[in-house]
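The values are calculated or read from the model by the stated rules, or taken from the named source; none is laboratory data. These figures come from a predicted structure and were not determined experimentally. Glycine also receives a Cβ, built like all others from the backbone with ideal geometry; neighbour counts cover every protein chain displayed.
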Amino acid sequence: MYINQSRVHNVDKYLALFKDDENVSIVLNDLDAFEKELQNMGFSKNLDIGEQLLPPIIGSASRVNAIGKEIILDDLPKITFYVSQDRDFKDWHGNNHSRTIDIPYKKFQREFVDAYSIELMIKQDNKNNKILTHNIQIKKSEKDLIKHIINLFLELFGACEIVGDDFVSKVKTKIKRVNWHILPQGEMPWERLKHSLDEMLNAVKVEHKEDALNRFEFINKFSPNFVARGNGGFNDYVVFAFEDKNLYIMENAFAGNATYVFKDDWMTISQLTKAEILKGNLQEDRLIHKKNWKRLMTEILG
């Protein structure tokens, strides 16, 4: 079952199709769409089969996974703790002295929960596709562990899927990809559009932000029907839709990359994976960010 949300609190509905003694796996598919996130975690650019690592701490789930946590037992009486402090003072004769004193204070008792220490590794599924999964076997009955791993994937990637240990899904759900957020439609003044795109550029930490904004502004001069910002693994892309020309311009925020030109309907384009886009056999044209970029773009949109 595919999960696409920020966090889960109960895993029963996700496990309903599994037998009590059955192994389950939490996986991430379509690794090309998460290439940047995986490399930032420490995986190689090639994402080689067998690579395995402990995810870095980026939030509460990955923190518990790496270092554990303390649970405050507020249903139990507080206990006395002492904190040592060095104090300086003068005697009646003006001589300086120092000593260490123990200061008592009350606090709730705490229970320490060991780190889960779940490592993520790259494997192959039964169709020889690369997937990301965990490094241990899990039974359906281990619900707390399953919930932790699901929330770990959701924190790191925003999505995951629960499958059997053969990596085959129990349900054949048609996935509706939500890789794009459509900005308010109609002709949009550049200053208004710039504000939205500026937030995106800050989020992906583009080094040459002005160059990216100049490219976005140039395309916007041709009055697109709507503009869509990328989500997830597409968060460095912007699509300018020219529906009257049946053209969709997919522009990358980073200098030195390329602009993709598609001729199709938006529903088809919005469902493409990043791997399908980058393979290079679906687009109508591909414009490298070079000196002649504006001239070529004008020839296409003019």
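Can you confirm whether ASP30 is surrounded by 13 or more Cβ atoms within 10 Å (Cβ to Cβ) and in the same structural domain as ASN151 (by TED's automatic domain parsing)?
Spelling it out, ASP30 is indeed surrounded by 13 or more Cβ atoms within 10 Å (Cβ to Cβ) and in the same structural domain as ASN151 (by TED's automatic domain parsing).
Whenever a residue of segment 4-31 is under 13 Å from LEU154 (Cα atoms), its partners that are polar (S, T, N, Q) and modelled with pLDDT of 90 or more, lying with C-beta atoms within less than 6 angstrom and at least six residues away or across chains, give the pairs ARG7/ASN151; VAL27/THR133. As a summary of the residue check, ILE300 satisfies the conditions (1) farther than 25 Å from ASN29 by Cα; (2) under 27 Å from the mean Cα position of the chain (by Cα); (3) not hydroxyl-bearing (Ser, Thr, Tyr) except for the one numbered (2). Quick one: would you say THR259 is among the hydroxyl-bearing types (Ser, Thr, Tyr) and either exposed (fewer than 13 other Cβ atoms within 10 Å of the Cβ) or closer than 20 Å to GLU37 by Cβ (or both)? So THR259 fails the test. Being modelled with pLDDT of 90 or more and of a type in the set (Gly, Ala, Ser) is the filter; apply it to segment 14-43 and report the residue that is nearest to ILE58 (Cα to Cα). Per the criteria, the residue is GLY42.
Quick check on this structure: which one of LYS245, LYS274 is closer than 25 Å to GLU299 by Cα and either surrounded by fewer than 20 Cβ atoms within 10 Å (Cβ to Cβ) or of a type in the set (Lys, Arg) (or both)? Break it down into steps so the answer makes sense when it comes.
Values: LYS274 fails: closer than 25 Å to GLU299 by Cα.
From the options LYS245, LYS274, the qualifying one is LYS245.
In segment 113-125 there is at least one residue that is farther than 23 Å from LEU28 by Cβ and either modelled with pLDDT under 85 or of a type in the set (Val, Ile, Thr) (or both). Taking segment 40-59 as the range and being touching a Lys or Arg at 6+ places or on another chain (Cβ under 9 Å) and either surrounded by 13 or more Cβ atoms within 10 Å (Cβ to Cβ) or among the hydrophobic types (A, V, I, L, M, F, W, C) (or both) as the test, the residues that pass are LEU47, ILE49, ILE57. Restricted to segment 99-152, the set of strands (runs of 3 or more DSSP E) holding at least 1 residues that are exposed (fewer than 10 other Cβ atoms within 10 Å of the Cβ) and either free of Cβ contacts under 8 Å to residues at least 60 places away in the same chain or touching a helix residue (DSSP H, G or I) at 6+ places or on another chain (Cβ under 8 Å) (or both) comprises 109-113. Summed over segment 239-257, residues that are under 25 Å from the mean Cα position of the chain (by Cα) and modelled with pLDDT under 85 total 6. All conditions but one from (1) within 29 Å of the chain's Cα centre (by Cα); (2) surrounded by fewer than 20 Cβ atoms within 10 Å (Cβ to Cβ); (3) touching a residue at least 60 places away in the same chain (Cβ under 8 Å) apply to PHE222; the one that does not is (1). Residues that are more than 15 Å from ILE149 (Cβ to Cβ) number at least 2 in the following helices (runs of 4 or more DSSP H) confined to segment 1-83: 12-15, 35-41.
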